[in-house]
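Please read the structure below before turning to the comments.
Values quoted throughout were computed directly from the atomic coordinates according to the rules given, and no laboratory measurement underlies them. Note that this is a predicted model, so its numbers are computed, not measured. Note that each Cβ is placed from the backbone with ideal geometry, even for glycine, and that neighbours are counted across all protein chains shown.
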């Protein structure tokens, strides 16, 4: 059975008990039972030693073992420890493709404009690779020095911790108590067991000394060992220190110290060890300290300028002196504190110079961008690094990749390089372009826009201009300022000398911007031109995006059937290309919207859920917000309002474009208005902030409906109609956006007596319905005509079409209108049946406001409810009332006979009416009189 939140202290239970416990974990692992543990303690306390025992036991029982070290130099680079641990060599060669895919995702993160978070996708791929490795046999994964781990590695471990009970995987994280980090604190809480190591007991220290000196320690040696405070590393360093000085004697099996100095601290003991190294060894080890705790000998040779044959005797001496040890295919310092002592004894200015020398050596060796950057960053952060041409040349080629993996670190590197690089220099324009992209990826949108906009005044290279425009497009989309970007892109298209590839990419940016502004015809025209240019240039990126824009244009026009083949074509272009990962997500979520517009809701919701999952897995928060928004609208349409409210988290901190936020606020506010929830008022106030970012010319269907409904509930039907009419005028080109507004607009026009407008709107609805085979569009045409003609047959037919479309709210509204038309024609039984069906649908939706209106109409026509409509006065209904609703029940009961209370009810009419509607719906009563009667029976 898994242990949860258990903490063990070595001072309390002793090392032998902990060793037995950890071996028990390994035994469980060999039997297929996984676990997640965190081992915590001060430096040198024995965390690694405990896990080395576990490693030996795991190997003995046939488990696979993977060990990785986190390092301070690697904090800026995501997943590097896990990438190194599962490098495709030896038994892991079969996973080479999966490992390469992780690297591919990280490269995809560096592509300008690709909103997919390659780091997030790489994390998911890494977890999948580890799961595959577990399929070949139980796995022990040790992550040492967890306190230096980058946030992506911690996030990956958090997900691994949650998966250990599902696979044969034991994950052990080793960390110091400090520094305290929120993500590591959460990781500790997620562990099945937390082991906190404190000092060895006195007996265990003596046992350690006996094994080290080969005899029973005398009194002075015992006192010396006691000064180590139970720290095993310090004990060892103290014993080695006195052994090196030759001040130990053996007499009759007892070992004693005869004199000499002893180190006063662990750091002093380590320094003492290093003093015994020869000068050549010490110099090489200083260079090794620059490379980290573990390092390849080939890198040490490059950085030190020595051949491997020259290094061999030096490294042999370091190993013999207990400074270095073998670490798989690499060498490593026996303890991080030894490496830290060598590193910190160098003056900061000297360290910076050596780091830059190491970086230049690694550049000549052809080392990866991450390895070189790990050398440059400490020098840059130290403030004493001088820019030189070699490293500027390197950064101009590496910044593109680094920005996707470590944007904040890349910003620091680029600022450093640009500080001493004059504007006329060879790489100045390229570095500035990369800085704008890195700032955007780091989340500093305003500064990214300033840098990109400024660079466009002097950058002449077409490829750099496109990258800058791409960065600006992303910034302006978030800020809601697309028109500014469009002007700059169109100006760039007029520049002489553009080849087809660059022209295609600029046209794609222009088409996307036109589409974002809602200019459908222009967007299609430009997208077609982009597609032609991209085809001529054989540019897959531009081809995919041009097709993507065309799919959106078809959808905006209500031509979803024509869009579906384009979706498939565009998805085929995007398949397997990391630079088009963002396009693929966009296509999936818009394919879901198109299927919904065709009333194919099962497929649509499944596609939207898949888009959400893939966006989440890729780490693209912007696409996740968009996919969730699409899903929310689909759930609203089919009446799954509670689920829609759950998915649309208005208070979340996920970044989203203004359009997605407006859609979300519109759906949530509309649901709450129909349910009589006062929170809708604040939703609409908050929505206006995001609507302002879109501009005056944009209309968002769900939000327009919500604003109109709020005005109608405020007894201002003329204002409610004006909201819809204004929205319809703004979106004449967008069929689907306007279709859902027409029935409410016709109803409101008739309510205020504007018959001519109602007829004109009905004609517009019939023009949408006439060429379409889509159920809800046919329904809207029938619904609007039925309202204008007061024709119950057409309204009942409209309800039938809405039923086929799986849209319960407009179906209930059409049936309600049919009931009125039947009543006007004197057909009371038909009216009662229509009202009853509408009531049941409103009840299922929890639409308290609609129920109150429906019941008022019942009473106006003198229609009594039939058997299907009998209310249930159950205790459950009363028990579900909120404290505010109970207070309103009392006010209603008293107000019917007390003029003063009645006045109070009148003065707070809107607030009280909202809660009365809730009470009527919950208790299934038809009037305030019934509330008063029921309240009286219960003594309220």
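Observations on the model:
- Cα gyration tensor category, rounded, prolate or oblate, for region 202-268 with a/c compared to 1.5: oblate
- Exposure proxy for 370, 490: other Cβ atoms within 10 Å of each Cβ, ordered fewest to most, give 490, 370.
- Mean separation of Cα contacts under 8 Å (6+ apart) over length of region 673-869, as relative contact order %: 15
- Whole-Å distance, taken between Cα centres, linking region 120-150 and region 284-303: 26
- Difference of contour (0.36 nm per residue) and Cα-Cα distance, residue 859 to residue 181: 237.7 nm
- When DSSP beta bridges are restricted to pairs lying wholly in the chain, around 25% turn out antiparallel.
- Rounded to the nearest 10 degrees, the angle from helix 735-751 to the longest Cα principal axis of the chain is 40 degrees.
- Separation of the residue 793 and residue 350 label points, Cα + 7 Å toward Cβ, nm: 10.1
- Between 0 and 90°, nearest 10: helix 428-441 axis offset from the chain longest Cα axis: 70
- Euclidean distance of C-alpha centroids, region 30-63 and region 341-391, integer Å: 35
- Label separation (residue 61 vs residue 91): 1.5 nm, computed from points 7 Å beyond Cα along the C-beta direction.
- Scoring 32-44, 740-752, 277-289 by mean Cβ neighbours within 10 Å over their residues and listing the highest first yields 740-752, 32-44, 277-289.
- Cα gyration tensor category, rounded, prolate or oblate, for region 454-533 with a/c compared to 1.5: oblate
- At R0 = 60 Å, FRET efficiency that the Cβ-Cβ distance of residue 726 and residue 393 yields, to 0.05: 0.55
- Förster radius 41 Å - calculated FRET efficiency between residue 828 and residue 692, Cβ distance, rounded to 0.05: 0.25
- With respect to the chain, whose longest principal axis is taken over its alpha-carbon atoms, helix 348-365 is tilted by about 80°.
- Counted residue by residue at 0.36 nm each, then reduced by the alpha carbon distance between them, the extension gain from residue 752 to residue 803 reaches 15.5 nm.
- Shown is the FRET efficiency for residue 609 and residue 840, computed with R0 = 35 Å from the Cβ-Cβ distance and rounded to the nearest 0.05: 0.80.
- Footprinting exposure proxy for 794, 426, 306, 460 (fewest neighbouring C-beta atoms within 10 Å first): 460, 426, 306, 794
- Annotation: the residues 770, 613, sorted from fewest to most other C-beta atoms within 10 Å of their own C-beta, follow the order 770, 613.
- Prolate/oblate/rounded label for region 277-345 (Cα gyration tensor, a/c 1.5): rounded
- Over the chain, relative contact order from alpha-carbon pairs under 8 Å, at least 6 apart, %: 7
- Fully extended contour minus Cα-Cα distance, from residue 408 to residue 309, at 0.36 nm per residue: 31.7 nm
- Alpha-carbon centroid distance for the pair region 797-855 / region 574-649, whole angstrom: 31
- Mean residue ellipticity (222 nm) of the chain, computed from DSSP H runs ≥ 4 via -39,500 (n - 2.57), nearest 500: -22000 deg cm²/dmol
- Residue 577-residue 254 pseudo-label distance in nm [points 7 Å out on the Cα-to-Cβ vector]: 8.3
- Peptide ranges 531-538, 812-819 listed from the most packed, as the mean C-beta count within 10 angstrom indicates: 812-819, 531-538
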